Amino acid sequence: MIGPVELVFILVALGATVVLPIWGLVDAAMRPDAVWAASGQSKVVWLILQVLLWTLGAVIYFIAIRPKLVAVTPRTYP
């Protein structure tokens, strides 16, 4: 029988291995090329890295790359 602690662990693991990488890929793909160029990053490289490294790639993207993209994104972009 699965208890509450095990259920929380399963949900966190599922989120880390499925939801986070997909969210990272969608976030990176939806950002305009001009934002990527302004931040000095390569959109194609980061999409490939996220696919190849999956969860680790998404974590690196959200910690190191996304803040740079957000900093140069115009306020009109949702």
Checklist entry - Looking at this structure, is V18 among the aliphatic types (A, V, I, L, M) and closer than 17 Å to V59 by Cα? => result yes
Checklist outcome for this item: Scanning segment 10-42 for residues that are of a type in the set (S, T, Y) and more than 18 Å from A71 (Cβ to Cβ) gives T17
Checklist outcome for this item: Output for Cβ contacts, cut-off 6 Å, separation at least six or different chains, first residue at negative phi in segment 23-39, second surrounded by fewer than 18 Cβ atoms within 10 Å (Cβ to Cβ) and polar (S, T, N, Q), reads V35/T73
Checklist entry - From the residues in segment 22-68 that are part of a helix (DSSP H, G or I) and among the hydroxyl-bearing types (S, T, Y), which one is surrounded by the fewest Cβ atoms within 10 Å (Cβ to Cβ)? => result T55
Checklist entry - Checking A71 against (1) of a type outside the set (V, I, T); (2) loosely packed, with under 12 Cβ neighbours inside 10 Å; (3) in contact (Cβ under 8 Å) with a residue 24 or more places away in the chain; (4) not in a helix (DSSP H, G or I), which test does it fail? => result (4)
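Values quoted throughout were computed directly from the atomic coordinates according to the rules given, and no laboratory measurement underlies them. Predicted, not measured: the structure shown is a model, and the values here were computed from it. Glycine also receives a Cβ, built like all others from the backbone with ideal geometry; neighbour counts cover every protein chain displayed.
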